[in-house]
Every structure is written in C-alpha cells, then in structure tokens.
Amino acid sequence: MAEKFILHVGFHKTGTTAIQTSLHHQRDSLLEHGITYHYNRARAEHEAAWGLNAKVWGWKNRGGKETPISKWNRFAKKVNKTKGTVVASSEFFSELNLEKIKKIRDDITTDQVQIVFTIRPLAKMLASSYQQYLKYGIKATYEQWLHAMLDEPGKSKQTPSFWQRNFHGQSIQNWADVFGTQNVIVMVVDEKNPQALYSQFNDYLGLPEGRLVEQASGGNRSLTASEVELLQLINLKYPKDRAWDDYTIFVRQTAIKALTDKKAPEGSEKLQTPQWAIDLAAKLTAESIEQIKSSGVRVIGDLDTLSSTKVPSGENPKIGLIDVESVADMILALDQKIIRKMRWKTVLVEVLRRIKARLKGN
C-alpha cells in the first residue's frame, strides 16, 4: 500500500502540462527517491478525473463520449497498490465538486494524501482559455465569450467548465475542507520567472536541485489574432450534421495542428483582452487571494503578486486576412494518413455508403 499520495490538481493554464512532461521524463530518477509517477504525460490521470465527473469528451449529442467511472476506479486501485510515494497530476481534478472530492478521500487508502495547486492571475487565463474552447467548437467571438463569463460569473451556460475550474479560492477551500488545511499546498507561479515552478516542485518533492527541469514538448503555441478569427469562422460555418469525430480529425488534429506546430508568422498580432475584462478578472483574483489567505492552507510564493499582472490589452479589430502560407499548411495537412486517425466504425460506415452508391449507379 502507498504511504503517501500527492495529487497535483491544477489549476488549468498554470504550467500543469510542463510539470507533467517533466515528471514523465524523470520517472526513473523519481523511483530512485521512492517516488512513483506511473503515467505517460497524465493521460490516465485526465481520464480518472473525467470518470469522476462523468465528463463528456466531445459534443454530447453528436458523437461525444462520457468517460466511465471505471477509469477512476482503476486509477485509485493502482495508486493504492503502489508502495512508497505516488505522484499524479491532472488539472481536470480542479473541476470536481465537494461530493466528488470526498469520493477521492474515501477511495484512496494511503496513509497520507496531499493536494497541490498551481495558481496564476485569472486575467492571464482568459485568452488562452478562450482559445482552448475555440478548439472545442464554440462559435462566440472572444468579446462575446468574455461577457458570458464575466458579466455574471458562474451563471452562463456557455463553457460551464470555465467556472468549475476557475473559482480559485472556493475550489481550494473545498479541498481543504475534505483533506485538511495542513494537506493542501498552493504554489504561486512567478510570472517573471516561469522556471521557478520547476524549482518549487523539485523542493517540495525533496529531490536534488535541478532534477525537474523544462522538457521539449513540441508545438501547440497560442493562436494569433487572425488564426483565432479563422477558427471562429470555421466553427460558425461547420455543418450541424457533422459529428465530433469529424471535427476532431479534420479541424483539431489537422487544420489547427498545422498552424500551432510551426512558428507564428512574422509580425502577427496576439489576441488582445479588453481592459474592462482585465479589470473584472483582477477583482475576482483579489477575492480569491483573500479567501486563500483566510483558509490557512500552505502557500509557496507570494500570493500578492497575483494582483500585479500585465496582459496584451485592447480591442481586436476585424481582420479578414490570414497569411497565405498558413492556409497552405492547413490544406496540405489533409493527407491520406488522416484515415489512420479515424475510428474503424467511421471508416466502415463510409465504405459501405460508397459501395451502396456504386451499386445503385450500376
């Protein structure tokens, strides 16, 4: 049975993928210090969190699949059977409500459980969060989405997961209520020195200095302002009778990846966040800071630095133009290899459709 379980629960957009990648690359080294990190870049942890939350991956009525609770059950069983210290990381755990957090406490039988949060200013998360939802197929412009999220926080039915994961103070309090304030740690991301996050994790795990470091993680850069407008237009025009699998293959894994796997075009503009949204986000961050301070949890770093952050601000003009090289890359990404990404059932249905069409033609 594991003696200790350390669960890094997020938040989203706070360096979680970077930490997961570093842990993955250092698995053998971690074992030398009695620490087990089982999984390949957190995929199993993500599925465990989705299973707890009965999360539907994709469009619910157009081919999306609900993750079964068995994903969590298998994950918990594996943690419980592992000796020593187990580390796991998935930002999707930050979306769980109080009831699901209690289930983690009940299902994990280790002697000690510690919960780790990484946190950044909410204003820093707005543009990147919108882009993630855009890749999920939402049709709203950035400004429309911002109003939906910030005019009445937590009330909009659009992208409800945003507030499930970003009421930072309340989320931390929920985990502290279940596991105890002494077992909840909040690490503040240093905006001026992103590398400090690795040092924080390194020291927290008791590893030799410099063991957890940045690892190459491929592309997946942020979209430029013109690319954002292009993807939003694609989503607006995407046929309502096309399934989630089609969108995943032809848009998410092909067109978007063709853009984000290469450097942004020279002189391209970043997505700008209107000042009114930055101001509202700063107010919500200040409320979270006070709630975290009063909760009594352990904080690594300076919470007050979350109040002083800068993001690209301004209005986003209608662009209407995109770099022709980027468009060419998107078109060329649609090669014959794409069929390998399709589910066999999808391929079979299409093959049968074509056979029937040919028979009718004869």
Given (1) over 25 Å from the mean Cα position of the chain (by Cα); (2) surrounded by 14 or more Cβ atoms within 10 Å (Cβ to Cβ), number of the condition ASN316 does not satisfy
(1)
What about SER161, is it of a type in the set (Gly, Ala, Ser) and surrounded by fewer than 18 Cβ atoms within 10 Å (Cβ to Cβ)?
yes
Please pick out the residue among SER226, SER222 that is more than 19 Å from THR17 (Cα to Cα) and in contact with a helix residue (DSSP H, G or I) (Cβ under 9 Å, 6 or more places away or on another chain).
SER226
Out of (1) of a type in the set (S, T, N, Q); (2) out of contact with any Phe, Trp or Tyr (no Cβ under 9 Å at 6 or more places or on another chain); (3) at pLDDT 90 or above, the one THR85 does not meet is (2)
Out of (1) under 19 Å from TRP244 (Cβ atoms); (2) in contact (Cβ under 8 Å) with a residue 40 or more places away in the chain; (3) open to solvent by 70 Å² or more (accessible area, probe 1.4 Å), the odd one out for ARG62 is which?
(3)
Candidate set from segment 205-246 (those that are under 18 Å from MET330 (Cβ atoms) and β-branched (Val, Ile, Thr)); member that is most open to solvent (accessible area, probe 1.4 Å):
ILE234
Condition met for PRO274 (open to solvent by less than 70 Å² (accessible area, probe 1.4 Å) and within 30 Å of ASP329 (Cα to Cα)):
no
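Just for segment 292-304: of the residues that are open to solvent by 60 Å² or more (accessible area, probe 1.4 Å) and not in a loop (DSSP other than H, G, I, E, B), which one is nearest to GLU143 (Cα to Cα)?
Among those that are open to solvent by 60 Å² or more (accessible area, probe 1.4 Å) and not in a loop (DSSP other than H, G, I, E, B), it is ASP304.
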The condition from (1) over 20 Å from SER22 (Cβ atoms); (2) modelled with pLDDT under 95; (3) among the hydrophobic types (A, V, I, L, M, F, W, C) that ALA196 misses is numbered (1)
Evaluate segment 110-121: report whether one residue or more is under 25 Å from TYR198 (Cβ atoms), open to solvent by 20 Å² or more (accessible area, probe 1.4 Å) and charged (D, E, K, R).
yes
List the residue pairs whose Cβ atoms are under 8 Å apart, where the first residue sits in segment 187-203 and is farther than 22 Å from SER288 by Cβ, the second is open to solvent by 20 Å² or more (accessible area, probe 1.4 Å) and in a helix (DSSP H, G or I), and the two are 6 or more positions apart or on different chains.
TYR198/ALA18
From the list SER226, SER295, which residue is closer than 29 Å to LEU197 by Cα and either of a type in the set (S, T, N, Q) or at pLDDT 95 or above (or both)?
SER295
Positions within segment 249-267 being open to solvent by 20 Å² or more (accessible area, probe 1.4 Å) and within 20 Å of ARG62 (Cα to Cα), in sequence order:
PHE250, ARG252, GLN253
Considering only residues of segment 26-48 that are crowded, with 18+ Cβ neighbours inside 10 Å and more than 20 Å from ASP107 (Cβ to Cβ), which is nearest to the chain's Cα centre (by Cα)?
GLN26
Being over 24 Å from LYS263 (Cβ atoms) and either part of a loop (DSSP other than H, G, I, E, B) or basic (Lys, Arg) (or both) is the filter here; which residues of segment 194-237 pass it?
LEU205, GLY206, LEU207, PRO208, GLU209, GLY210, ARG211, LEU212, LYS237
Could you say whether any residue in segment 153-160 is closer than 28 Å to HIS8 by Cβ, among the β-branched types (Val, Ile, Thr), in contact (Cβ under 8 Å) with a residue 60 or more places away in the chain and not in a helix (DSSP H, G or I)?
no
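The values are calculated or read from the model by the stated rules, or taken from the named source; none is laboratory data. Every value quoted in this text rests on a predicted model; they were computed, and no experiment measured them. We place every Cβ from the backbone using ideal geometry, glycine too, and count neighbours over all the protein chains shown. To get the accessible areas, we keep the full protein, side chains included, count just its heavy atoms, and leave off ligands, DNA and RNA. Shrake-Rupley method; radii C 1.70, N 1.55, O 1.52, S 1.80 Å.
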